[in-house]
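As structure tokens, the structure follows; a few thoughts come after it.
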Amino acid sequence: MSLHIIQEACFSGCCSSPFSSHSMTQKEEEELEFSVITQGASFLTRDIKFTSQESLPPLRTSFYDLITAFPDYLQTSQADHLRSTEYQNLSCSSRHVVLSHTGQQQPLFSYSQFRQLSGLNNSLFTLSSKQVSSGEEMLSFAREESCFQTRMRKRIMSFMNLEESEYDMILTQDRSSAFKILAELYSFKTNPNLLTVYNYEDEAVEEMIRISEKKGVKPKSAEFSWPSTEIVSEKLKRTISRSKRRRDKRGLFVFPLQSLVTGASYSYSWMSLAQENQWHVLLDTSALASKDMETLGLSLFQPDFLICSFTEVLGQDDPAGFGCLFVKKSSSQALSEVPEVIITDPANLTVVKAEPNWITGNDETTLEDHEASTSAIEIEEDDKAIIEFRGLDHADSLGLILISRRLKCLTLWLVRALTCLNHPNSHQTETPLVKICGPKTRLNRGSSVSFNVFDWQGEKVDPLMVERLAEREKIGLRCAYLQKIGSVGNKKRRDEARDGQNMSLRVSVVSVRLGFMTNFDDVFRVWGFVSRFLDADFVEKEKWRKKALEKKQMTGVIV
């Protein structure tokens, strides 16, 4: 297999080394990033700046710009066809921008299939829950399956590229619940270390940290540089290796392959290094694209635990779904912790099973139509078990290369388009509207982009206000918070920030995440929305409205 094919398949950057001593200057990095765009008539390559929303080219012209800069995008039209035929709720008429900010959230079903099956139900599943008291009870409950549950498990594990003989799958209420139950059952008493690698605040991870602290663990975290938000490799390597050098007991290494907020991509080699130093590895797949589990890295590095989540269908205002915790069978002994009644919230130990709500074609069938040995219940169960998981089938049909190529084109175009927005200024110095936080147009970046918006005076616009205004336009931008930023300046300042308690820099940002059904119209609308902040009057009016709302809320509290 050629290196080019490997690099294209490994969109997450699994082939890169995290331990390289070579570092590029900012100018070298920008030139490398700029070189990935095809030279042509694109405004991206001509350094054109737009100073008002009215100056932006129309949708058709901008699409031509996209395919000029990224001709490969034309090879992804199969995704547009699927969107128009199977995901009609995402059409232009709905005016809802298809952006994901809740983790992987791969849909199990298409919208057209959902309409056929749901009837009067708002959800295709009923989740039955049970509280467990040990890892053994949890695994035993998960292994007791109906015909439908067996088929669903097999289909999901096939999609996740996991071997049934090597992993157990446990369903939870959501992604956060999967983190909680693992934190409660993991044997921190014998493996008293927790090391996380997140450059943003994540509620599920924070809950795992709180649970571990109640058990006497002193959690550690990776440190990240600014503004690239990439891992400070020297420090993380030292922290992972410390347990082996000092003969410390191992612990749990919690690792995402990408940042869900900034799109920074991390090497699979970190998992290998952790395994070599006797850590248990939890792989959080929340930030991965739909088929990234098929990258070469996971066939080489098999984590002890994986967490992901699924939704029933894309585009729902209140999406139903569940989380998944995968436990490697050879690592199940690590879930030997007996939860302490005093410090454990019983709700943290809740696992679920999914039962189908849909109506099958055999509801009117009588026993006379079947063999006498087959009961009506078995007939109905068999009918429900043969259901297609069309959302997963669609991702499989598109494949890793097509989805990765499509997301790469849309993400890189959006980053470049955002940086082409400048405030009108009579002075010689440019006043950019947007500053990207995280990687810009690196080929191995993920499909998340984080940035901040600045007014004409250079003052940062509150990301919460940007989120609120985006919601009004049905655009899925959100406010997120970057953390553990300990390398703001030169090496001297980085050394001063080595102590974890000194990593106090917390940065609020606007974050946008593209998914496998995102199209150019979605990305163009994001660009158009952000360009509204070039209007100084618009910004000042919204700031005044925000202050008035806050004052009204404060008055209500006082009353």
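The values are calculated or read from the model by the stated rules, or taken from the named source; none is laboratory data. Because the structure is predicted, anything quoted here is derived from the model rather than measured. Cβ coordinates were reconstructed from backbone atoms using ideal geometry, including for glycine residues, and neighbour counts include every protein chain displayed. The protein model used for the area step is the full one, side chains on, heavy atoms only, and it has no ligands, DNA or RNA in it. Shrake-Rupley method; radii C 1.70, N 1.55, O 1.52, S 1.80 Å.
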Taking a straight Cα-to-Cα line shorter than 24 Å from K546, and setting aside same-chain lysines fewer than 8 residues away, one finds K435, K460, K474
Heavy-atom accessible area with a 1.4 angstrom probe orders I436, I48, most exposed first, as I48, I436
From highest to lowest solvent-accessible area (probe 1.4 Å; ligands, DNA and RNA excluded), E294, E203 read E203, E294
How much solvent-accessible surface does H81 expose, in Å² to the nearest 10, with a 1.4 Å probe and all protein chains in place? 110 Å²
Share of carbon and sulfur in the accessible heavy-atom surface of the stretch 171-252 [1.4 Å probe, %]: 44 percent
For the stretch 255-333, give the percent of accessible area contributed by carbon and sulfur heavy atoms, probe 1.4 Å, rounded to a whole number. 44 percent
Tell me the accessible surface of M517 in square angstrom (1.4 angstrom probe, heavy atoms of protein chains only), to the nearest ten. 0 Å²
Can you pull the percent of the stretch 419-488's accessible area that's carbon plus sulfur, 1.4 Å probe, other chains left in place? 49 percent
Between E145 and S336, the two model label points (7 Å from Cα along the beta-carbon direction) sit apart by a distance in nm of 2.7 nm
Distance in nm between pseudo-label sites at E166 and A548 (7 Å out along the Cβ direction from Cα): 6.0 nm
When all protein chains stay in place, what accessible area (Å², nearest 10, 1.4 Å probe) is found for C420? 10 Å²
Given a Förster radius of 30 Å and the C-beta distance between S158 and E201 as r, what FRET efficiency does 1/(1 + (r/R0)^6) yield to the nearest 0.05? 0.35
Given 0.36 nm per residue, what is the gain on full extension from R472 to D80 after removing their alpha carbon distance, in nm? 138.5 nm
So which trypsin sites (Lys or Arg not before Pro) in the stretch 102-203 are both in a DSSP loop and have at most 14 other Cβ atoms within 10 Å of their Cβ? K189
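Probe of 1.4 angstrom, ligands and nucleic acids ignored: what's the accessible area per residue over the stretch 143-214, in square angstrom? Can you show the working numbers first?
Working: 2680 Å² over 72 residues.
Heavy-atom accessible area per residue stands at 37 Å².
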